[in-house]
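Notes for the one structure printed next.
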Amino acid sequence: MDYSVVMPRLSDSMEEGKLISWKVREGDRVEKRDVIAEVESDKAVMEVQAFKDGVVKKILVKEGESVPVGKPIAVIESEEKKESEKSDNVKKDSEGSSLKIIDEIFAKAGEDDSQKAVSEISKVKGKASPKAKREALKAGMDIEKLQEEGKLPSPAHFNDIKEYERSRYFTPKAWKLLKEYGISYELFDRKRKHDEKEVYDFIKSNDIPLKKRVDPLKKAIIKNVTASSKRPVYRIFDFIDTSLIEKHKEYSFTVWFIKIVAIAMMEHEGFRSVLEGDFLKIYPNASVSVAVALGDALFMPVFKKANLKSVREIDKELKEFKEKISKGGLKPQDMEGSTFGISNLGMLGIFMFDAMINKNDSAVAAVGAARDFKAAVTLTIDHRLVNGYEGALFMKRLKELSSDPMVFK
Amino acid sequence: MLYREALNMAIDEMMAKDENVVILGEDVGRYGGSYRVTEGLVAKYGEKRVIDTPIAELSIVGNAVGMAMGGLRPIAEIMTANFSLLAFDQIINHMAKLRYMSAGKITLAMVVRMPGGVSRQLAAQHSESYEQMLSAVPGLIVFAASDVNYAYHALKKAILMDDPVIFLEHELLYNKEGEVNFDEDLDPFKARVVKEGDGITIVSYLKMVDDVMEAVGEIEDGLKTSVEVIDLCSLNPIDFKTLSSSIKKTGRLVVVEEDHKTGGYGASIVSFASEELFYELDAPPLRIASKDVPIPYNRRLELEVIPTPRKIAKRVMEWGVENGL
């Protein structure tokens, strides 16, 4: 490997030196500490030594010439191996030595291309983190202007810039669709702006499902019906006579049916019971939950102590519940305390169905549409609370009450 | 294995391998060490190699320097970092400088071990951390062991080195459980990535690493991001390579230390990040440290002054929200 012999600084005040004489010629072999030249400083003539073994490759300064301190005067081709080979050996020799590791650690940590544009980054206007500014510079974005227009938050961070940069290739509606469906912006080229239709076509042709988070209300429903499905139930099917109900049109079918159920419940305590560990809690009144749907959400408001209420009061309460549900004002306590449930799909023309028992209720009555003054009723009953015989008696009582003129007085 | 047992094993193995390895300090011999780190060694290697000294820290380190100059490999124990103040002249003017001032003719293959930090109600004079001072002395290598595996390997490597090493321990870590991977060729200068993540880099050392790890779950849940936790391990030199690759990835730096904030060790980490990685930062770096008061004796006040997992989580989350997370 070549190394240069430079004009040495021989005293504090020396700035240049005159080469008095060469002691070697090009091609000569020299050993470490051999005198190769004599130079004159501002004070005295001194010897210049070789620092390594090697061959004089080139002499750069003629005798009698003056050169500044530090300037090469000759090149010597050293016999030592190249630096890289050499350090390899050193590494092997001193495996585990602290010096080697320290050297590696001090190898500059923060260098890469990004540092080159530093002066430009500091000129980026607007309030943003350094990383955000660097990204904005790369994307050619004017942070200050976008912040004035309200398109970027202040201060802006890296993700804000990234987000905006990506959204530029989409119309606002298209961008919203991407977010909703969780589709990567990278699937679209960045040569032009993509519109809503394009994104929607992409969704359709790739059959991408919309991923909707289950809201807390839906979660509660899922929890309840899952628990309900684990209950030991049996079912009883029959028809009730609806001629009297249809005759008294001043109140709806549901209102009349709540009334009838409440009367029957008072005669069968099993339907007023709740199972709690080793105890049965038997309520003195009949509280009835009624399924009311609003879109995909299902609510079970409870008509408390329905046995003590007149049909007019029940009707009023039902209207209040419906109003509360449509306005989102139904409170948790409005849905507690029942021991029996009613589900009516008659208004949709359904002939017959069965329902799931609500929360801690003992049973649920599923009511279908009335045809020829007859409506199908399915009782789904928790066998732990009410056995088949009692269930049958209860059904029988519902049938009697629905055609009892006294009820409709 | 316990942290103190790992340290004991490291010393024991090195003493068995090399008879030049000796230990000295207060109660290291017959008593087995204040924290039982040197337990059983005097019976095995005798009083000539396991030396009980008077209560005189300056002379403990001074003697160790002399022993090292004479070719031994002494391990000096200072009972707590608080008492190392008495030995600072030997540590700074002799231990750190003799190799440089003798143009490398004198080497000091020696280790000074000391536990520091806030234990539990030991009051102001026994609760300090002096890593900021010790790490600021050129010529000293400073290791800080926060886990059992590092404690074992790093102490062995420290004993093997020809350079003087300050080996920091923490009083609350001595009974920490952990595994030692005996097959590992651990590089004691390398920072340890305790947990990977790409949202926030939290840098810490010694006992605070455990506190940070306890806080991480809450932070990740609260800020909906992932946290990378780095244990510095070597406080001087610092493993800037590991630090910078993490900071480049996350753009967000938090440093947690038990020392007082003003002039605390974490300042140098934040300074590195703002000097070298300014344009990589997506938020101002955050330092979580003890309050600038002498550590109180009262337990409630003590906990009020030092960082705790709960306080770390709360502060990082506030900072995250303030800065666009």
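Laboratory data are not the source of any read-out in this text; all were calculated from the coordinates shown. Please read all numbers here as calculations on a predicted model, not as lab measurements. With ideal geometry, Cβ positions are generated from the backbone for all residues, glycine too; neighbour counts draw on all protein chains shown.
Per-residue ellipticity at 222 nm, computed for chain B from helices alone with -39500 (n - 2.57) per DSSP H run of at least four residues, works out to -10500 deg cm²/dmol. Projecting the Cα atoms of A:Met395, A:Asn285, A:Phe373 onto the charge dipole of chain A, computed from C-beta unit charges around the Cα centre, puts A:Phe373 farthest toward the positive end. The amide H of B:His170, built 1.01 Å from its N in the peptide plane, has B:Gly116 as neighbours under 5 Å, considering only residues 5 or more places off or on other chains. Shape of chain B from its Cα gyration tensor (a ≥ b ≥ c, root eigenvalues): rounded if a/c is under 1.5, otherwise prolate when a/b > b/c, or oblate? Prolate is the answer for chain B, as a/c is 1.5 or above and a/b outweighs b/c. In whole percent, what relative contact order does chain A give with Cα contacts below 8 Å and a gap of six or more residues? For chain A, the relative contact order is 11 percent. In terms of its C-alpha gyration tensor, chain A has a prolate overall shape, because the principal axis ratio a/c (a ≥ b ≥ c, square roots of the eigenvalues) is not below 1.5 and a/b outweighs b/c. Ordering B:Ser146, B:Pro296, B:Ser234 by Cα displacement along the dipole of chain B toward the positive end leaves B:Pro296 in first place; charges were set at the Cβ atoms of Lys, Arg (+1) and Asp, Glu (-1). Report the residues of region A:36-66 in range of a label on A:Glu77: point 7 Å along Cα→C-beta, backbone N strictly under 15 Å from it. Once the point is set 7 Å along Cα→Cβ of A:Glu77, A:53-59 turn out to lie under 15 Å by backbone N, inside region A:36-66. Treating each Cα of region B:192-322 as one equal point scatterer and applying the Debye formula with no solvent, the log10 of I(q)/I(0) at q = 0.19 Å⁻¹ comes out as -1.05. Think of chain A as a dipole: +1 on every Lys or Arg Cβ, -1 on every Asp or Glu Cβ, centred on the Cα centre; then among A:Gly349, A:Tyr234, A:Phe170, A:Gly349 lies furthest on the positive end.
Each Cα pair under 8 Å and six or more residues apart adds its sequence gap; the mean of these over the residue count of region B:3-173 is a relative contact order of 24 percent. Just check region B:3-173 against the gyration tensor rule for me: Cα atoms, a ≥ b ≥ c as the square roots of the eigenvalues, rounded for a/c under 1.5, and otherwise prolate or oblate depending on whether a/b exceeds b/c. In terms of gyration-tensor shape, rounded.
In chain A, helices alone account for a calculated mean residue ellipticity at 222 nm of -10000 deg cm²/dmol, with every DSSP H run of four or more residues adding -39,500 (n - 2.57).
The GNM of chain A, with springs linking C-alpha atoms under 10 angstrom apart, assigns the highest mean-square fluctuation among A:Ile240, A:Ile208, A:Ile73 to A:Ile73.
Please go through the residue pairs A:Lys125/B:Lys241; A:Lys304/A:Lys331; A:Lys304/A:Lys359; A:Lys218/A:Lys281; A:Lys151/B:Lys248 and name each one whose alpha carbons sit more than 24 Å apart in this structure. Cα-Cα > 24 Å for A:Lys125/B:Lys241; A:Lys218/A:Lys281; A:Lys151/B:Lys248; rest within. The string of couplings for region A:241-256 from the Karplus curve (6.51, -1.76, 1.60, θ = phi - 60°) is 7, 10, 4, 5, 4, 6, 6, 9, 6, 4, 10, 6, 3, 4, 4, 4 Hz, one whole number per residue in order, with x for Gly and Pro. Between region A:200-239 and region A:278-315, the C-alpha centres lie 24 angstrom from each other.
Expressed to the nearest 5 percent, the antiparallel share of DSSP beta bridges inside the protein assembly as shown is 55 percent. Above 48 angstrom, tally the Cα pairs of the protein assembly as shown and express them as a % of all pairs, no decimals. The share of Cα pairs beyond 48 Å in the protein assembly as shown comes to 53 percent.
Spacing of the modelled spin labels on A:Arg384 and A:Lys319, each 7 Å from Cα toward Cβ, amounts to 4.0 nm.
Computed from the Cβ-Cβ distance with R0 of 60 Å, the FRET efficiency linking A:Thr226 to B:Lys44 stands at 0.40.
When only the Cβ of Lys, Arg, Asp and Glu is charged (+1, +1, -1, -1), the dipole of the protein assembly as shown relative to its Cα centre reaches about 3720 debye. Within the listed set B:Gly46, B:Gly222, B:Gly29, the Gaussian network model of chain B (springs between alpha-carbon atoms below 10 Å) gives the highest mean-square fluctuation for B:Gly46. Karplus-based coupling profile of region A:218-229, in residue order and whole Hz: 4, 4, 5, 5, 4, 4, 5, 5, 5, 5, 4, 5, with θ = phi - 60° in 6.51 cos²θ - 1.76 cosθ + 1.60 and x standing for Gly or Pro. Taken residue by residue and averaged, Cβ atoms of other chains lying within 10 Å of the Cβ of A:128-138 number 5. Dividing the mean sequence gap of close Cα pairs (under 8 Å, 6+ apart) by how many residues chain B holds gives a relative contact order of 15 percent.
Using Cβ point charges alone (K and R +1, D and E -1), the dipole size of chain A about the Cα centre works out to roughly 2420 debye.
Taking B:Val118, B:Val293, B:Val209 as the candidate residues, the one with maximal mean-square fluctuation in a Gaussian network model of chain B, Cα springs under 10 Å, is B:Val293. For the pair region B:139-175 / region A:319-372, the C-alpha centres are spaced 71 Å from each other. Among the listed pairs A:Lys138/A:Lys162; A:Lys173/A:Lys204; A:Lys176/A:Lys211; A:Lys133/B:Lys314, which have their C-alpha atoms separated by more than 19 angstrom in this model? Among A:Lys138/A:Lys162; A:Lys173/A:Lys204; A:Lys176/A:Lys211; A:Lys133/B:Lys314, the Cα-Cα distance tops 19 Å for A:Lys133/B:Lys314. When +1 charges are put on Lys and Arg Cβ atoms and -1 charges on Asp and Glu Cβ atoms, the dipole computed for region A:231-339 relative to its Cα centre reaches about 280 debye.
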